Every structure is written in C-alpha cells, then in structure tokens.
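Reading through the structure tokens given below for one structure.
The values are calculated or read from the model by the stated rules, or taken from the named source; none is laboratory data. Bear in mind the structure is a predicted one, so any value in this text is a computation, not a measurement. Ideal geometry is used to build each Cβ from the backbone, glycine not excepted, and the neighbour counts take in all protein chains shown. Surface areas here come from the heavy atoms of the whole protein model, side chains and all, with no ligands, DNA or RNA. Shrake-Rupley method; radii C 1.70, N 1.55, O 1.52, S 1.80 Å.
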Amino acid sequence: MSQKTLSEGTRSGAVEAQPASSSKRWWILAIVAVAQLMVVLDATIVNIALPSAQKDLGFSDGNRQWIVTAYALAFASLLLLGGRIADLFGRKTAFLVGVVGFAGASALGGAANSFGMLVTARALQGVAGALLAPAALSLLNTTFTDARERARAFSVYGAIAGAGGAVGLLLGGVLTDAFDWRWTLYVNVAIAFVAFAGGWVLLSNHRDAAGSKLDVPGTVLVAGGLFSLVYGFSNAETHDWSSPQTWGFLIVGVVLLAAFVWWQNRAEHPLLPLRILLDRNRGASFLAVLITGAGMFGVFLFLTYYLQLNLGFSPTKTGVAFLPMIGALMVMAQVGTTVLVPHLGPKVVIPLGFAIAMVGMAWLTGIGVGSSYASHVLPQLIVIGAGLGMVMPPAMQLATGGVAAEDAGVASATVNAMQQVGGSIGTALLNTLAASAATDYLAGKDATSKLVQAQATIESYTTAFWWSAGFFAAGTLIALGLYRRGVPQQDADAAPVVHM
C-alpha cells in the first residue's frame, strides 16, 4: 500500500494497519525518552558543577550565568525552526542529527580550556536540542495512534519532562562529587550513543510536510522574538529591571512576536499555523506548560540553595533529596493521563493538579533556619510532585493531540518553547523578587550577624516559594476557565499518519 493511500485512510478514520508492532512502539518510546531526558536534564545538570568549572577555568561570578543562559537562548529561539525542519525533512533525520550534534557539543564543552569555549559549547548544545526535542515529541505523537497507548506513552514522556530538572541536579551532584565537573557534559556522549543506535534501527523517515516550504520571514521573526524575550528576562537577573538591556529586549521581543503572529495569518506556508493555537484545549495546555515551567524553578533553584547552603547537604545528597518528588510526579503522571483525564476530563484534572501543587508550594514556605528535611521539606515535595504529575503530562498530551501529521513537529516545538520560556521567566522573576526580599529584610538590622544573614536568605527563599504558589494559583484559574468540559475525543480527521 502506498504512503499516500495510508495517509488518506488515516484521515478518514479507516486505519487497517498499525504504525509498528506493539513491541517496536514501546522501544521507540524508550529511545525518545532517553533523548528527551538528555535535553531536559542539561538545563540543570551543569548548575551544580558551576562552582567547580568556575574555579578550574577562572571566570568571574558575573560571567557564570552565561553558562546557563547560552543554552537557554539558543534552545528557545530555534525551537520552532527545529520543529518545522523535522516536518519538512523527516523526523528520523532531525532526531539523529540532533543527537549527534548534542553529543559533539557536549564533548566540546567537557574538553573546554577557556570560558569562551565552554559558552560556545553550551550554545551549540542549545542549537542541537532545538532540533532534537521537537523531533522526539512529534515521533511520539505519530507513533502512538491508539488513545490508551498514547496516554501511557505521554505519561512517561511528561514525567521525564517534569522531573528531568531534578534528575539533572542528582546526576550533576553525583558526577561532580565522584569524578569532575567535565563529566556533567561528557555523560551526554554515552546517552547520545544509546539514543542514536536505537533511532537508527527503529525509526522511519517519513516527511509529512514534504510539499511545504520553510517560512523564512516567520522563522526570523519568531527566532528574534524568542531570543529577545529570553535574553531580556535573563538580564533581569544581573541588571535592574529599569535597565534598557532588560526592558528594551523585552519590548523588542513582544513586538517581534506580535509581528510573527500577524505574518502567520498571511504566509502561504506558515511556520506555526494559527489553527494549532486556536483550539481551546490545546491553547490551555500551552499555557499550562508555560506556567508549570515558571513555577517549577521555585522548587529546583531555591530549594537547592536551601539544602546546600542552609542544611549543609552535599551536591549528591541534594539530588537524592529530590527523588521523592520525582517518584510522586511519575506515579501521578501515569494515573493522570491513563485514568483521571480519560474519565474526568482535563477541566477537572489539570486545575486540581495546579491547586495541589499550589498547596505544596505554600506549605514549603514554613522552612526556617533550624528546619529539618524530614518534616519541613519532604512532605511538601511529595505534594508538589503529585500536583505537577497531574498537570505536565496531560497538558503535553493535549497540546500535541489532534494536530495534522504535517504540523506535529511544530506543535511539539511550541510545547518545548513554552516550557523553556516559562522557565526563563520564572528564573528571572523569582531571582529578582528573592533578592529584593533579602535586601528589605536586612534594612535596619545588623547585616554582619550570621543569624540575621541566615534569616535573610530564608526570607528570600520563602518569597520565591510564595510567588511560585501564586503562579500555580493562576494556573488553576486559567485551566478552569479555558479547558472544555468533558472527556476529549480523538479527532479521526486529524489523526497521525500511519507509518509502515
């Protein structure tokens, strides 16, 4: 049977063949999950190793942020382009090139003998990740066509996307303590080898949008807009909000993204067809992923500071401390996507998940100078993990479900872009608010007192946690207002193309 006939049969809902054997589909999920884990954990794995890298390469505190920012800028600004390339030239090609590029950039970073070389490697990692991440998610979207299997697959993928940052902290701590900071980058070569070998054997290179052309003006506008937005928020960490390097880039970013939306209504082959965004459930899901990305940094970033600086945890012990949260997230990811959403619908499940995460985050504000992990951190982490497990995987599934096969790559890229931009916004806002809270607390007090300094840091952490709780509260209301009632039904007309 020809590929064209298969496509037409799928769109009419009369699918007589499966995309692959059941066992092959689950092996594809494993390979996709490995690749996604590599991309997500690299957003945090280097963080714990930064002090060691700084001492080794001799760069300043002011330059330290660029090790993180270089990755975020390249990744966020090129995601939509990466997703469209996967649609145009084939997902297997995009996936394998992305894996090889990520491994090469990681090896370059591990061998870095200067600050410039390390920053360049991190930017190249972001470029490769922008090609790899949407290809991986769209492969999942087009491989699993059965609703029940698709829910199970996305529970795994969503759990990795949500917990990958914490896994990065754990792995970064272990590698830094046991070996050297360079191994936080070298480890990607081993992971990439597994992903490449599996992808080479298991994947087929179908091109669903082969007849389309690349929207060059749209690509320039959205890449420039996302770059300016992420760069502006990143500058808020090192510059004041009143600095032109902050608000200037934010304004430019908003203008460019508005121009991008205007152009997508007129382009013959739009980079991001607006039909992808205008579905209520899908639009709500994109916002849910953005808000989750912003709020999660309240946990990962400031709780890492608290555990290491206030409770004296080692990098490895800090990573282990996040494991209960990961466990709760993974359990509820499975329950949420396979049981709750199919029976109750996203309008109930996702707002409830946000509300649970909000309660856990507000509860976490009870930490103090003499608090213990077992009583003041562990229960709260489990609650937060359970809530996020009910939000992230179902939202990712709904954000990419029901799109035409030729749009699967760019829809997947939009999900990743939302998570990345949300993380950038959250990091900038929470860092700024936390620093202001510490400064306000020290006003009129003896700043040389160690007890006062310790309490000021606690004040900064709890302020960040309260704002994260506020993000999740906003997510609760937005999800409650936007999601449609009832259980979402798979649209046969938009079902993924069957690949033989």
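Table for the structure above
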| read-out | value |
| --- | --- |
| Cα extents of the range 250-367 along the three principal axes, largest first (Å) | 57, 42, 24 |
| Distance cut-off 15 Å, percentage of C-alpha pairs in the range 118-203 lying past it | 71 percent |
| Computed helical MRE - 222 nm, the chain, DSSP H runs ≥ 4 contributing -39500 (n - 2.57), nearest 500 | -26000 deg cm²/dmol |
| Volume in Å³ per residue [convex hull over Cα atoms, computed for the chain] | 135 Å³ |
| Nearest 10 degrees, 0 to 90: helix 323-335 Cα axis against the chain principal axis | 30 degrees |
| Cα gyration tensor of the range 294-429 - equivalent ellipsoid semi-axes, whole Å, descending | 30, 17, 12 |
| Peptides 455-463, 135-143 ordered by average Cβ neighbours within 10 Å, highest first | 135-143, 455-463 |
| Gain in span if fully extended, V487 to A258, counting 0.36 nm per residue against the direct Cα distance | 79.1 nm |
| FRET efficiency, S314 to E268 (Cβ-Cβ, R0 56 Å, nearest 0.05) | 0.50 |
| Relative contact order, percent, the range 30-130 [alpha-carbon distance under 8 Å, six or more residues apart] | 36 percent |
| By average C-beta atoms within 10 angstrom, highest first, the peptides 326-336, 145-155, 436-446 | 326-336, 145-155, 436-446 |
| Peptide ranges 304-316, 357-369 listed from the most packed, as the mean C-beta count within 10 angstrom indicates | 357-369, 304-316 |
| Crossing angle, helix 450-482 versus the chain [Cα axis fit, 0-90 degrees, rounded to tens] | 30 degrees |
| About the Cα centre, charge dipole magnitude for the chain (Lys/Arg +1, Asp/Glu -1 at Cβ), debye | 600 debye |
| Whole-percent carbon and sulfur share, accessible surface of the range 369-459, 1.4 Å | 64 percent |
| Cα gyration tensor category, rounded, prolate or oblate, for the range 125-164 with a/c compared to 1.5 | oblate |
| Three-way shape label, the range 37-111, alpha-carbon gyration tensor, a/c 1.5 | prolate |
| Net lengthening on full extension, L378/K213 (0.36 nm per residue, minus Cα-Cα) | 54.3 nm |
| Cβ-Cβ FRET estimate between L278 and M117, R0 fixed at 51 Å, reported to 0.05 | 0.70 |
| Mean separation of Cα contacts under 8 Å (6+ apart) over length of the range 245-357, as relative contact order % | 8 percent |
| Lysines with Cα under 17 Å of K24, excluding same-chain neighbours fewer than 8 positions away | K92 |
| Relative contact order computed over the chain (Cα-Cα under 8 Å; 6+ residues apart), in percent | 25 percent |
| Per residue accessible area of the chain, 1.4 Å probe, in Å² | 38 Å² |
